[in-house]
Amino acid sequence: MVAISRGLTRTVLWIFLLATAGLMLFPIVVAILGSFKTNLEVTTGATLLPEVWQFGNYAHAWKQANFARFTWNSIYVSVFTTVGTLLITAMAAYAVDRVNFRGKRIYIVLQSFTLFISIGAVVLRPQFDLMVQLGLQKTLWGVIIILISAHAQIFFMMIGFFKGIPRELDEAALIDGCNFYSIFWRIILPLLRPALAVTALFTFRGAWNEYILPLVFSMTNPDLQTLPVGLANLRYGFGAASENQYMLAGACISILPLLVVYVFANRSFMQVNVGAVKG
Amino acid sequence: MKRKQLHAYVFTFPSLFLTLVLGIYPIFWALRYMFFAYPGYGTPQFVGLDNFFRVARDAQFWQSVQNTFVYAAGKLVLTIPLSLILAVILNRALRGRHLLRAVYFLPTIFSASVMSIVFYIVFNSYNGILNQYLMKLGLASSPIDWLGAGNAMLTVIIIAVWGAVGNYMLLFLAGLQSIPDDVYEAASLDGVNPLQRLWHITIPMLGPVLQMVIMLAITVSLKGYESIMVLTEGGPFGKTEVMYLYLYKLFFPLTSEGSSVQNIGYGSAVGFTTALIVGLVTMIYFWISRKLNETY
């Protein structure tokens, strides 16, 4: 009797787990398979696999729907945002963790303040106006600089990493003739490489997925559209209702790179997620 | 020693500069303009507290606040139990648990706006993929109007839950791993069944983690609007209009909707009010949930 009820519990448990997994994967599978279908199949098919694989959808999205441009913009923004954020936060975290300088407390309070206060879209307007004054609203650098400026979360992650490196190492290096800068570049950064890689992944993903900021910057300058913006704008495009297959192909251009990295490095994705909250 | 201090300033300067100019200055900018009538052009006129009187009377805004609470409550009520149950199950030595964790976490890595486009095609009322399947399987006789006035909020909540469960599951898993095994061993000697174990041991032991995770979930759901903006733009008839989306439209009116007009002075006042509401909710939550933080 106990064995039967235990077996039953197991079965129910697995049905629950697999059904949940199915629901989680459903939209992603639908997007990937749909991107190879004809529009008619997407809108009326109700079949999982495409009848004939329409690889041409990607060519169309890439050329006619301008996804080549969006992809390039997304890569550009994400790469420079990642490099900039990592550099700035690593430097700040090194100083904050290793030196007791005057005003350090205030600096930390300032960082946590920006992390918790959110007045939403209000800040976009003064940020945009500043970029106009610097003449950066017509390039992607306006977007990149604003994305880099929102680095409080990454900063606190970095602090955690620096705390993990013993100070005795600095002292030993100091005796060996290193100075403040060379300890940072030659000793600490190389030791932090695995942590930096994970942080880079996190930052890159954030920039790659960012929607609102590039949307605001590309309103008057469509050349600045990134993948999420260009894709969302397809809804208003030429007969959007009849272009589902291209929208799905476009969505896949955005999600497939992340998916491929995720297959190989999903533990890193998950690790940083927990770390980011712990601060 | 002095020299080292100087080095430290050099190293913190880029971060400090960007934070002050692009993080702090915009807040003061808003604190100033919320006392002005300023539609975005011309000379700003000082109007004292007029913008706030208008906020108090703005039925559309308070409707969006109400919608936000419905949205956040719906998302929380579904996400927290589901992710906690998944975490509890996957915390055990189960075959395939690493794969399952990776699958449940997968939705969280994608752009909310990009996935909203996919969901737009999935939930489309007339030729959406979900309706095709439901009708083919005989679960619906006619297309369900997922994005219509009656269901749009539910649809938006389902999508939000889809994107959030994996994240909270992972945070709970991290919390569960800090509960020592011998507590469970002692309980199993006493003949405790799995449900009792969950209710009387796991949840109380998880108290502080639970408190933090729920607080995170509350603030995130109150602030979220990106996915709704792409999917419904707050429609139909403002049924899914949440407060941060309403705020966004005051600064950057959406192209397909003629009703919203740019208004920077008033928008700043609305922004201040929304931030205040989020802060207030967080404080009330902390007061109510203080029992969770008692250490066992």
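The values are calculated or read from the model by the stated rules, or taken from the named source; none is laboratory data. As the structure is a prediction and not an experimental result, all values here were calculated from the model. Don't worry about glycine lacking a Cβ; one is built from the backbone with ideal geometry, like all the others, and counts go over all protein chains shown. Surface areas here come from the heavy atoms of the whole protein model, side chains and all, with no ligands, DNA or RNA. Shrake-Rupley method; radii C 1.70, N 1.55, O 1.52, S 1.80 Å.
Among the listed residues B:Val209, B:Val278, B:Val261, identify the single one that is within 14 Å of another protein chain (Cβ to nearest Cβ) and open to solvent by 30 Å² or more (accessible area, probe 1.4 Å).
Selected residue: B:Val209, the only one of B:Val209, B:Val278, B:Val261 that is within 14 Å of another protein chain (Cβ to nearest Cβ) and open to solvent by 30 Å² or more (accessible area, probe 1.4 Å).
Out of all the residues in the range B:121-145, which are among the aromatic types (Phe, Trp, Tyr) and surrounded by fewer than 22 Cβ atoms within 10 Å (Cβ to Cβ)?
Correct list: B:Tyr126, B:Tyr133.
Okay, residues lined up against (1) in a helix (DSSP H, G or I); (2) within 20 Å of the chain's Cα centre (by Cα); (3) more than 10 Å from chain B (Cβ to nearest Cβ):
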position: A:Pro190; (1), (2), (3): yes, no, yes
position: A:Leu196; (1), (2), (3): yes, yes, yes
position: A:Thr199; (1), (2), (3): yes, yes, yes
position: A:Leu215; (1), (2), (3): yes, yes, no
position: A:Ala232; (1), (2), (3): yes, yes, no
position: A:Met247; (1), (2), (3): yes, no, no
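What are the pairs, 6+ residues apart or on separate chains, where a residue within the range B:229-247 that is open to solvent by less than 10 Å² (accessible area, probe 1.4 Å) has its Cβ under 6 Å from a residue that is part of a loop (DSSP other than H, G, I, E, B) and aromatic (Phe, Trp, Tyr)?
Correct list of pairs: B:Val242/B:Tyr225; B:Tyr244/B:Tyr225; B:Leu245/B:Tyr225.
What are the residue pairs meeting all of these: first residue in the range A:33-50, first residue free of Cβ contacts under 8 Å to residues at least 12 places away in the same chain, second residue open to solvent by 30 Å² or more (accessible area, probe 1.4 Å), Cβ atoms under 6 Å, and 6 or more apart or on different chains?
Every condition considered, the pairs that remain are A:Ala46/B:Tyr133; A:Ala46/B:Lys136.
Looking at (1) among the basic types (Lys, Arg); (2) more than 32 Å from the chain's Cα centre (by Cα); (3) closer than 15 Å to B:Gly271 by Cβ, which is the one condition that is false for B:Arg32?
All conditions pass for B:Arg32, except number (2).
Table: residues versus (1) open to solvent by 20 Å² or more (accessible area, probe 1.4 Å); (2) at the interface with chain A (Cβ under 10 Å from one of its Cβ atoms); (3) aromatic (Phe, Trp, Tyr).
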{"residue": "B:Leu76", "(1), (2), (3)": "yes, no, no"}
{"residue": "B:Leu82", "(1), (2), (3)": "yes, yes, no"}
{"residue": "B:Ala87", "(1), (2), (3)": "no, no, no"}
{"residue": "B:Asn91", "(1), (2), (3)": "yes, no, no"}
{"residue": "B:His98", "(1), (2), (3)": "yes, yes, no"}
{"residue": "B:Ala102", "(1), (2), (3)": "no, yes, no"}
{"residue": "B:Leu106", "(1), (2), (3)": "no, yes, no"}
{"residue": "B:Ile109", "(1), (2), (3)": "no, yes, no"}
{"residue": "B:Ile117", "(1), (2), (3)": "no, yes, no"}
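Which one of A:Arg193, A:Arg235 is charged (D, E, K, R) and modelled with pLDDT under 90?
That would be A:Arg235, the only listed residue that is charged (D, E, K, R) and modelled with pLDDT under 90.
For the range B:40-79, enumerate the residues that are in contact with a helix residue (DSSP H, G or I) (Cβ under 7 Å, 6 or more places away or on another chain) and of a type in the set (A, V, I, L, M, F, W, C).
Listed by number, the residues that qualify are B:Phe52, B:Val55, B:Phe61, B:Val65, B:Val70, B:Ala72, B:Leu76, B:Leu78.
Spot the failing condition for A:Asn179; the list is (1) away from chain B (no Cβ under 12 Å); (2) touching a His at 6+ places or on another chain (Cβ under 9 Å); (3) open to solvent by 60 Å² or more (accessible area, probe 1.4 Å), and only one is missed.
(1)
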